[in-house]
Amino acid sequence: MKKIGILIRYENELQEKQNFRERFEEAQAMGIDCCQLCFPEGVGYTEEVAEKINAAVLSTGFEISLLWAGWTGANDPVWNFTKGPTHLGIVPMAYRAQRVKQLQEASEFALKIGVKDIATHVGFIPENMTDPAYVPLVEELKELCALYASRDQNFLFETGQETPVTLLRTIEKIGLNNAFINFDTANLILYGKGNSVDAVRVFGKYVRNTHIKDGVYPTDGMSLGREVKVGEGLANFPALIAILDEAGYEGPYTIEREIAGEAQKKDIRETVVYLRELFKKIEEKK
């Protein structure tokens, strides 16, 4: 049976007041099976937080499929085409050492909560493999993946800022068997890097988790495309899920909706129903 997941974010401003059990129970009530636990700023990796998460998992039986590890270091980490290449991920040398350290800390924290898959945005990986910045980046990623492998963990690239072929090439260059993909079904579209269906044909065997999200392409050269509710954009989920099946994907379908409040909850509930119906139709065709 296919699992449906959701992102649950660690809110740094709440710190010890966060109620993970309440968040897990709310997700279960929405028909959700598991979550990616997201630490967007790469902070909060404390013993106290780990104990709270473990207690919440024990009391609810809710599964954490992945730790999404963010980072700090830029005053204005804008997710766009202008500042993005020099601000996002571990590609920019100005932030690399600090953010690699944070990804190492994420690995240590994942051990404490029993999670073996860790994902992040690496940044705008150079498309040109002869770019002088490319080889040092790959070597840094290889060292990070080796550290994760020593702890029986997997490193997942979240898609978005690079073309599917660039991502495939980078995983091949790393050459270790614990480098995988957290496939965001909208980001390739939002960044104008490709369409989701064809992307799976390029790197499908490396997909280990997902962000089920939808969107439309950019309409100018300076701004990202626009996220929309699942089923209203260009991700083509009927074809996408069928092709993921063909590629042997067995991980969760983790819903991400980047709006807030009751509108977000409503869209998530409706997406759960939408996905269950798609899963049923795909099974009936087999």
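Average projected area of the Cα convex hull of the chain, in nm²?
Orientation-averaged projected area of the Cα hull: 14.3 nm².
Cα-Cα pairs above 20 Å in the stretch 136-278: how many percent?
Beyond 20 Å sits 49 percent of the P(r) for the stretch 136-278.
Based on alpha-carbon centroids, what's the gap between the stretch 107-150 and the stretch 226-282 in Å, whole number please?
That distance is 27 Å.
How large is the dipole of the stretch 158-238 about the Cα centre if only Lys and Arg carry +1 and Asp and Glu carry -1, each at its Cβ, rounded to the nearest 20 debye?
In total the dipole reaches around 260 debye.
So who's got an amide H within less than 5 Å of the one on E63, skipping anything under 5 residues away but keeping other chains? H placed 1.01 Å off N, in plane.
C35
With contacts defined as alpha carbon pairs under 8 Å and 6 or more residues apart, what's the relative contact order of the stretch 148-248 in percent?
Averaging sequence separation for qualifying contacts and normalising by length gives 25 percent for the stretch 148-248.
Tell me, F183, F62, F157, F81 in order of fewest to most beta-carbon neighbours within 10 Å?
F81, F62, F157, F183
Over the chain, what is the mean sequence separation of C-alpha contacts under 8 Å (at least six apart), divided by residue count, expressed as relative contact order in percent?
16
List the lysines whose alpha-carbon lies under 24 Å from that of K173, not counting same-chain residues fewer than 8 positions away?
K101, K116, K142, K193, K205
In deg cm²/dmol, rounded to 500, what helix-only [θ] at 222 nm does the chain give when every DSSP H run of at least 4 residues adds -39500 (n - 2.57) and the total is split over its residues?
So the calculated ellipticity at 222 nm is -13500 deg cm²/dmol.
Note the full-extension length gain between E22 and L147 as 0.36 nm times their separation in residues minus their Cα-Cα distance, in nm to one decimal.
41.7 nm
Comparing E47, E256, E140, which has the greatest mean-square fluctuation in the GNM of the chain with Cα pairs linked when under 10 Å apart?
Greatest mean-square fluctuation among the candidates belongs to E47.
Could you give the size of the charge dipole of the chain about its Cα centre, using +1 on the Cβ of each K and R and -1 on the Cβ of each D and E, expressed in debye and rounded to the nearest 20?
The calculation lands at about 460 debye.
Values in this text are rule-based calculations from the coordinates and carry no lab data. Computed from a predicted structure; not experimentally measured. Here the Cβ is made from the backbone with ideal geometry for all residues, glycine too, and neighbour counts use every protein chain on show.
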